[in-house]
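K.L.:
My structure is below; once you've seen it, I'll send some questions.
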Amino acid sequence: KKTNIHLEAEIIERIKAENEAKKALNKEKELNEMKSRFVSMASHEFRTPLSTILSSASLIARYTNTEDQEKRDKHIKRIKTNVSELTSILNEFLSLEKIDAGKMHVEIKELALNEYLKEMVSDLETITKDGQTIKSQLPDSEVMIKSDPQLLKQIITNLMSNAIKYSDIGSEIQMNVSHNGEKIYLAIKDQGMGIPEGDQKHLFDKFFRAHNSHHIQGTGLGLNIVKKYLELLDGDITFESVEGKGSTFTIILNK
Ligand code: ADP
């Protein structure tokens, strides 16, 4: 009888070990898949900004007269925009790897939300398109929240840059903040292209891009990162969108 029990325990242990090995293998397979998808995505996404940088740089070298200053400035701006686009693609990938490896460090601090958001909005105004405006509606008095300022900044910046990127010149982007005893609701509303209904359920999937957005540069990683960061902060996100009309993304945070 005793040997039977031993045998049973041994079998259970072996099955457990096999399952663990399978899990590790799956994880490695998933990581490899992600790496190869990144390589193919990167080789595609990097081509346009890199050739823009190259052509702008050669043009700058040709504009040697003082009256060419305006043209030079235009190309310097294009170089800056494209370098920052490439940097953000790399940063997105690094963030995802870090989150998926469970290595993301969360550091909760007390934040004065209005002050924090005002500074962020003025930074974001520098990346709006021609005539685009950001209108923010913040609480009348300062609200204190406990959150990780770096992660929260990335969440809001990702959502705001999408609102800017997927909307036309001259449109308005709104940031509305409301709160109750426990929670903060931060809504980012745009008048942009919206998300086709059939695509909405996949929106937070890694690498997913809606069908109407393929002509615009993007990786499909931003919203996946936003969702994972919010999980780390014990927050949540919802959205509403009508194709051709606009989208509203609302993040919900604990105070
Ligand atoms: P990226 O913008 O780099 O493609 P995201 O993960 O941030 O990646 O977004 C995934 C997809 O969701 C985008 O490709 C786009 O199709 C859609 N999307 C996100 N935000 C908006 C928005 N504000 N308006 C319209 N479509 C959006």
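The values are calculated or read from the model by the stated rules, or taken from the named source; none is laboratory data. Remember, it's a predicted structure, so these values are computed and weren't measured experimentally. Virtual Cβ from ideal backbone geometry, glycine too; neighbours counted across all protein chains shown. Accessible surface is based on the protein model in full, side chains and every heavy atom, while ligands, DNA and RNA are left aside. Shrake-Rupley method; radii C 1.70, N 1.55, O 1.52, S 1.80 Å.
K.L.:
Tell me whether segment 144-154 contains one or more residues that are of a type in the set (D, E, K, R), open to solvent by less than 40 Å² (accessible area, probe 1.4 Å) and away from the ligand (no atom under 14 Å from the Cβ). Reasoning before the result, please.
P.N.:
Of all residues in segment 144-154, those of a type in the set (D, E, K, R) come to 146, 148, 153.
Checking the rest, the ones that are also open to solvent by less than 40 Å² (accessible area, probe 1.4 Å) come to 148.
Those left that are additionally away from the ligand (no atom under 14 Å from the Cβ): 148.
Yes, segment 144-154 has at least one match.
K.L.:
Something else now. Residues to consider are Gly222, Gly246, Gly218, Gly194; find the one that is within 17 Å of Lys153 (Cβ to Cβ), open to solvent by less than 20 Å² (accessible area, probe 1.4 Å) and near the ligand (Cβ under 8 Å from one of its atoms).
P.N.:
Among Gly222, Gly246, Gly218, Gly194, only Gly222 is within 17 Å of Lys153 (Cβ to Cβ), open to solvent by less than 20 Å² (accessible area, probe 1.4 Å) and near the ligand (Cβ under 8 Å from one of its atoms).
K.L.:
Just to be sure before I move on: is Thr238 within 15 Å of the ligand (Cβ to nearest atom), more than 30 Å from Ser43 (Cβ to Cβ) and among the hydroxyl-bearing types (Ser, Thr, Tyr) in the structure I sent?
P.N.:
yes
K.L.:
Next question. Report the residue count in segment 205-215 for those that are near the ligand (Cβ under 9 Å from one of its atoms) and without any contact (Cβ under 8 Å) to a residue 24 or more places away in the chain.
P.N.:
So the answer is 6.
K.L.:
Go over the candidates Thr3, Thr52 one by one and state the one that is modelled with pLDDT of 85 or more and either open to solvent by less than 100 Å² (accessible area, probe 1.4 Å) or assigned to a helix (DSSP H, G or I) (or both). Break it down into steps so the answer makes sense when it comes.
P.N.:
Values: Thr3 fails: modelled with pLDDT of 85 or more.
Result of the check over Thr3, Thr52: Thr52.
K.L.:
Sticking with this structure for a sec: Can you tell me how many residues in segment 197-213 are open to solvent by less than 20 Å² (accessible area, probe 1.4 Å) and touching a Ser or Thr at 6+ places or on another chain (Cβ under 7 Å)? Give the derivation first.
P.N.:
Within segment 197-213, the first condition is being open to solvent by less than 20 Å² (accessible area, probe 1.4 Å), and the residues that meet it are 199, 203, 210, 213.
Imposing the further condition that a residue be touching a Ser or Thr at 6+ places or on another chain (Cβ under 7 Å) reduces the set to none.
Result for segment 197-213: 0.
K.L.:
From the list Ser136, Ser95, Ser84, exactly one residue is out of contact with any His (no Cβ under 8 Å at 6 or more places or on another chain), polar (S, T, N, Q) and more than 22 Å from Ile225 (Cβ to Cβ). Which is it?
P.N.:
Criteria check complete, one pass: Ser136.
K.L.:
Those residues that are of a type in the set (Ser, Thr, Tyr) and under 16 Å from His215 (Cα atoms), I need them from segment 38-54; list them, please.
P.N.:
Quick first cut of segment 38-54, residues of a type in the set (Ser, Thr, Tyr) only: 40, 43, 48, 51-52.
Matches in segment 38-54: Thr48 only.
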